[in-house]
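Worksheet: one structure, shown below.
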Amino acid sequence: MKDFLKYVLATMVGLVLMGALMFILGMMSLVGMVASGESKQNVSDNSVLVLNLSGEISEQATDDPFAALSGNDSKAPGLDAILSALEKAKTNDHIKGIYMEADGVAAPYATLSAIRRALADFKKSGKWIVAYGDSYSQSDYYLASVANTIYINPQGMLDWHGLAAQPMFLTDALKQFGVKYQVVKVGTFKSATEVYTETQMSPANREQYTRFLQGTWDNVCKDVAASRKLTVEQLNAYADSLIVFASAEDYVKQKLVDKLIYANEVKAEVKKLLKLDADATINQVSVAQMKNVKGDKKKGEEVAIYYAYGDIVDEPAQGLLGGGTRMIVGKDMTADLEELMNDDDVKAVVLRVNSPGGSAYASEQIWHQIMQLKEKKPVVVSMGDYAASGGYYISCPANWIVAEPNTLTGSIGIFAAIPNYSELATKKLQLHFDEVKTNRHAAFGNIAAREMNSEELAFLQAHVNRGYALFRKRVADGRKQPVEEIEKIAQGRVWLGQDALGLKLVDQLGSLDDAVKKAAALAKLSEYHTKDYPAAPDWTDQIFAMTDNSGNYLDEQLQLLLGNLYEPFVFAKRTKGQAAVQARLPYLFDVK
């Protein structure tokens, strides 16, 4: 028996040691593979940059070392990677052109227009762009329309229908569970609360939706019309006729595409442009590979680009329906900005803001830190798809603000929405409450036992009013305008970036690169380079993050499964832990 136990113990120890050795060897191999993948890459002559229009484009996409090494990286590249790749490709003599493949790109039109502008700039170098799609979504086509030549499958479809928004209202759905919201707000146009209390859009909300939808669509049509040598009137007529159901031959006649070919015939067309023999191999370079292609040598002083995107929150959300979304955590961002303020190597800071807002408290803390940062070095804001409400709160103190024409900004207003579960608790669940208290409002905040009374609502309204007055004052000071002038364009109203320029809410229409140039000019830098903050997690951080309980993977899978219905679930989950006073756009904001 002793020998048996001895052999079993020896076997177990051996297995443990072998497992540990295999793990160490595996990690060493992985390190080598990742290091090899991240080494500087040379581009062969007669190469083509392949731009796959697929999936959701975020501000920054985190590299997945395992997917990249396995060759199964289906995650869309971030906007930063796409723009960087296009800039490098424009000046790289070995890259002769771009091949774009339409496969269902998803992004708001401010992001799409930034990419399209970079593609147009690439063409100015004298290089070509060709696009192919089995079918084109409207977003796909908006980007592809800049190409020299557009191909479509003979059986393909091209969607061109205009823009529509269908806000979702949860009021009656919540009533089924005995839940309702008590809302106080400031701002006629502050429509975020309508999701809790209404079943349709208010006239003010409909007015602002109509304005920014029409403004965005006008910009889209102007861009496509210029590239395809069509008129805006023709494009609107096509949209009204639901051309998605037209034949592919009609798309050629309408001058929306240039030629009908099958997918396996595209290579032959590209080879003609490269002047290659039919049996030659095309050298393809992906956006991910361009990251490791040598660009211009860094020189001069540093301009920091700080990426602030997602909801503004006091604390990061954790677990299922919360862990997989990028957020601006107030205390984290203020700490980061303080480091940049004290870093003597950083001569100017560009804040890349892409946020619909969130916690009014966190927004105020970030505003305060930006004010301190601005005392030591220039701060310029570059607005992405959204820089509204809390997103505008953290933008307004900057020395200079650059917005995309299709950015949604403004929304200067705040609200508080308090859930009331008393009907659920007392009527549906038949719970009973009694009460003993020492002071008049000692039981305030028990949302299960009762709803707020008129006196308590008045106190909350006064609190929200003070928050709105502070927000308005912050904007007036930042934009160097009287409070009375800000009030005329506040009231929670959302503005397109191009309209915000005339209202002096922003200083310039342009790109992130334009914002960087302005920051360098304010810092009086003749030579400069940029560095991104916060630093993207390296591959070791990503490996260890896989073992945490953040629920990122489940979040991603639920989002794929539920589609547009994912947001109501997220809304219900986050409501419990969010700050009571919010400065943000509607939760269920969807434009297609």
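The values are calculated or read from the model by the stated rules, or taken from the named source; none is laboratory data. Note that the coordinates shown come from a computational prediction; the quantities given were computed from them, not determined experimentally. We place every Cβ from the backbone using ideal geometry, glycine too, and count neighbours over all the protein chains shown. Remember, those area values only see protein heavy atoms, side chains included, never the ligands or the DNA or RNA. Shrake-Rupley method; radii C 1.70, N 1.55, O 1.52, S 1.80 Å.
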Can you compute 3J(HN,Hα) from phi for each residue in the range 225-242, using the Karplus curve 6.51 cos²θ - 1.76 cosθ + 1.60 with θ = phi - 60°, rounded to whole Hz and x for Gly and Pro? 4, 5, 6, 9, 6, 10, 9, 4, 5, 4, 5, 5, 5, 4, 4, 6, 9, 6
Hey, can you rank 497-503, 441-447, 146-152 by average C-beta count inside 10 Å, highest first? 146-152, 497-503, 441-447
With a 1.4 Å probe and all protein chains in place, put Phe177, Phe415, Phe189, Phe433 in order of accessible area, largest first. Phe177, Phe433, Phe189, Phe415
With each pseudo-label sitting 7 Å past Cα toward Cβ, what's the Lys229-Asp345 distance in nm, one decimal? 5.2
Could you please report the charge total around Thr111, scoring K, R as +1 and D, E as -1 over all other residues with beta-carbon less than 13 angstrom from its beta-carbon? -2
Tally Lys and Arg at +1 and Asp and Glu at -1 over the other residues with C-beta under 15 Å from the C-beta of Lys222: what net charge comes out? 0
May I ask you to compute the full-extension gain from Asn446 to Gln372, defined as 0.36 nm times their residue separation minus their alpha-carbon distance, rounded to one decimal in nm? 22.8 nm
What's the ranking of 251-263, 105-117 by average number of surrounding C-beta atoms within 10 Å, highest first? 105-117, 251-263
Rounded, prolate or oblate (a/c below 1.5 giving rounded, otherwise prolate when a/b exceeds b/c) for the range 430-518 by Cα gyration tensor: prolate
Excluding Lys96 itself, what net charge comes from residues whose Cβ is under 13 Å from its Cβ, given Lys and Arg +1 and Asp and Glu -1? +4
Hey, can you grab everything whose amide H is under 5 Å from the amide H of Gly55? Only 5+ residues off in sequence or another chain; H modelled, so Pro and N-termini drop out. Val105, Ala106
List, in order, the whole-Hz ³J(HN,Hα) value for each residue of the range 380-390 obtained from phi through the Karplus relation with A = 6.51, B = -1.76, C = 1.60 and θ = phi - 60°; use x for Gly and Pro. 10, 9, 10, 8, x, 5, 9, 8, 10, 6, x
Amide H of Leu351: which non-local residues (sequence gap of 5 or more, or other chain) have their own amide H closer than 5 Å, using H built in the peptide plane? Tyr306, Val380, Val381, Ser382
Within 10 Å, count the other beta carbons around each residue, average over each peptide in 454-461, 89-96, and list them highest first. 89-96, 454-461
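Mind checking the full-extension length gain between Gln481 and Ala263? Use 0.36 nm per residue of separation minus the Cα-Cα distance, one decimal, nm.
72.8 nm
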Once amide hydrogens are built 1.01 Å from N within the peptide plane, the residues lying 5 or more places from Ile328 or on another chain with amide H under 5 Å from its amide H are Asp311, Ile312, Val313
Calculate the translational D of the range 159-270 in whole µm² s⁻¹ from Stokes-Einstein, where the hydrodynamic radius comes from the Kirkwood formula applied to all Cα pairs, the temperature is 25 °C and the viscosity 0.890 mPa s. 137
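Kindly state, as a whole number, the per residue volume in cubic angstrom of the convex hull around the alpha carbon atoms of the range 247-297.
That works out to 154 Å³ per residue.
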Using the alpha-carbon centroid of each, what span in Å lies between the range 461-530 and the range 98-165? 32
Between Thr91 and Asp279, how high is the FRET efficiency from 1/(1 + (r/R0)^6) when r is the Cβ-Cβ distance and R₀ = 25 Å? Nearest 0.05. 0.25
